[in-house]
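The values are calculated or read from the model by the stated rules, or taken from the named source; none is laboratory data. Note that the structure is a prediction, hence the values are computed from the model and not measured. Note that each Cβ is placed from the backbone with ideal geometry, even for glycine, and that neighbours are counted across all protein chains shown. Remember, those area values only see protein heavy atoms, side chains included, never the ligands or the DNA or RNA. Shrake-Rupley method; radii C 1.70, N 1.55, O 1.52, S 1.80 Å.
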Amino acid sequence: MHWPMAFERGDELMPRRPDGTVRYDNTHYRDTWAAMEKLVDQGLVKAIGLSNFNARQIDDILSIAKHKPVVNQVECHPYLVQTQLVSHCWRRGLAVTAYSPLGSPDRPWVTPGEAHLLDDPRVVGLAKCYNKTPAQVIIRWHIQRGVICIPKSVTSSRIKQNIEVFDFKLTEEDMRVIESFNRNERLIIPTIIIDGQKVWRDAKHPHFPFNDPY
Ligand SMILES: NC(=O)c1ccc[n+]([C@@H]2O[C@H](COP(=O)([O-])OP(=O)(O)OC[C@H]3O[C@@H](n4cnc5c(N)ncnc54)[C@H](OP(=O)(O)O)[C@@H]3O)[C@@H](O)[C@H]2O)c1
């Protein structure tokens, strides 16, 4: 389930009003979960999972689940290491998948001149030490801490490079160093402009996940 908030039914993937605000549906995520469980019962899917759920919402799903979620897919990278949420998922038996694991340098709303994770001199320095690229060091960091990661690339040489991360190991100290780059910064929250101000698009929705600390 991509988000805890439900969007209006219909053919439009992202139903919006002219001002950019989303047309929501009042379906509760617990009811969506029950509908997804039927797909497992019918043998149409093997496993079901969550995305962008906070710890409280995960526990809410677990309290009613017949089929437990196998995964929570959340934004995660060295600028948003998600230590508490990752631990919470693992304690509850969910795997964690990191989306935008490289800091999503091509996200359309990137601020001009903004520093990218892959160009962070500390990451570049580590990459030189290991004779690897910055992307490989970050992917290795995710994998080595036990987080699944799904780097996206349309470039065949990078796709190949992103798989070549099983022939080296980061030291425990370097693992901690990378974790220390955390600045609890979400890069991937949908935003809209209201009265000239950029605001989180879904922040006022009762099921918006990111008003909780984790
Ligand atoms: N569940 C959710 O709500 C959610 C939200 C956001 C994203 N996602 C998923 O997460 C996946 C990845 O997220 P993302 O695309 O936002 O971010 P990302 O994987 O962190 O970054 C993708 C960017 O990194 C570049 N890149 C990839 N490998 C590289 C390398 N070895 N060296 C240098 N640059 C490299 C890509 O360039 P090129 O493509 O030009 O090579 C692209 O610009 C996607 O599959 C997406 O669908 C899920």
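Brief remarks follow.
- Farthest towards the positive end of the charge dipole of the chain, among the residues Ala98, Val110, Ile163, is the Cα of Ile163, using unit charges on the Cβ of Lys, Arg, Asp and Glu.
- Simple label model, 7 Å out from Cα along Cβ direction - Arg122 to Leu13, nm: 3.5
- Accessible area (Å², per residue) of region 103-174, counting only protein heavy atoms and a probe of 1.4 Å: 60
- Taking only protein heavy atoms and a 1.4 Å probe, the accessible area of the chain is 54% carbon and sulfur.
- Taking amide hydrogens as placed 1.01 Å from N in the peptide plane, the amide H of Val81 sits under 5 Å from those of Arg183, Asn184, each at least 5 positions away in sequence or on another chain.
- Exposed-loop-free span, longest in the chain, where GluC sites (Glu not before Pro) count as exposed if DSSP calls them loop and at most 14 other C-beta atoms lie within 10 Å: 13-113
- Normalised alpha carbon radius of gyration of region 54-150 [divisor 2.2 N^0.38 Å]: 1.25
- Ordering Val137, Ile61, Leu85 by Cα displacement along the dipole of the chain toward the positive end leaves Val137 in first place; charges were set at the Cβ atoms of Lys, Arg (+1) and Asp, Glu (-1).
- The chain, relative contact order in percent, only Cα pairs under 8 angstrom and at least six apart counted: 20
- Using the Cβ-Cβ distance between Glu185 and Thr21 with R0 = 22 Å, the FRET efficiency computed as 1/(1 + (r/R0)^6) comes to roughly 0.35.
- Under DSSP loop assignment and at most 15 Cβ neighbours within 10 Å, longest trypsin sites (Lys or Arg not before Pro)-free interval of the chain: 93-151
- Antiparallel DSSP beta bridges within the chain, as percent of all bridges there, nearest 5: 45
- Tilt relative to the chain, helix 55-64 - C-alpha long axis, 0 to 90 degrees, to 10: 50
- Förster radius 45 Å - calculated FRET efficiency between Ala47 and Lys169, Cβ distance, rounded to 0.05: 0.95
- Counting only DSSP beta bridges whose two residues both lie in region 1-125, roughly 30 percent are antiparallel.
- Summed over all non-identical Cα pairs, the Kirkwood treatment of the chain gives a radius of 19.0 Å.
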